[in-house]
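The structure appears below as structure tokens.
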Amino acid sequence: MRQNLHILFLTLASAFFFKFSNAQKCTDSLGSIKFSEYRSRLSKETKKTLDIIFKQMLDKPTCNISVIGCCSAIEDQKMNRATWDRVNKIHKYLFKKWNFNVNRFIFKYGSDSQDRNTIIFLLTDDTVDTVPPYHPSRIF
């Protein structure tokens, strides 16, 4: 009986250790996409990059994705609009092509040092999207 308890304890302990040592870490960079100034068109190259990013996201189904656009400190309404248009086109592309749950996207503004024409993708544990949409009627 004592040996059975010992075996049961070791089995449970190893299962617990395996579960938490292999827990998904939501801290990886998935890459970035650079756009032309004030443009939001998804080129063939951009779509290929999005496909690669999507395949990486499949490996981390419990993680959300931070989509980091240009800095909010930039008082350039045209750039803010372009950033939202880019994010919306990315959402639509991934939803239409891969049926990807766009609720996993969390939009954030970047830093002053970030290239304002680049969208960065990072895995995150964050769950709240606190940035109000620039054009609510254009978001699906």
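A short reminder: the numbers here are calculations on the coordinates, not readings from a lab. Keep in mind that this is a model prediction, so the values were computed, not measured. Glycine gets a Cβ as well: all are built from the backbone with ideal geometry, and neighbour counts include every protein chain shown.
Amide H to amide H, which residues 5 or more places from Cys70 or on other chains are under 5 Å from it, using H placed in the peptide plane?
Hits under the 5 Å cutoff: Gly110.
Short version: ³J(HN,Hα) in whole Hz for each residue of the range 33-40, in order, from phi by Karplus 6.51 cos²θ - 1.76 cosθ + 1.60 (θ = phi - 60°), x for Gly and Pro, what are they?
10, 9, 10, 6, 3, 6, 9, 9
Starting from the 7 Å offset along Cα-to-Cβ, what nm value, one decimal, do you get for the label separation of Trp98 and Asp125?
Between Trp98 and Asp125, the label points sit 2.3 nm apart.
Which of the peptides 86-97, 37-48 is most tightly packed, and how do the rest follow, judged by the mean count of other Cβ atoms within 10 Å per residue? Present the calculation step by step, with values, prior to reporting the outcome.
Working: 86-97: 17.5, 37-48: 12.8.
Going by the mean number of other Cβ atoms within 10 Å, highest first, we get 86-97, 37-48.
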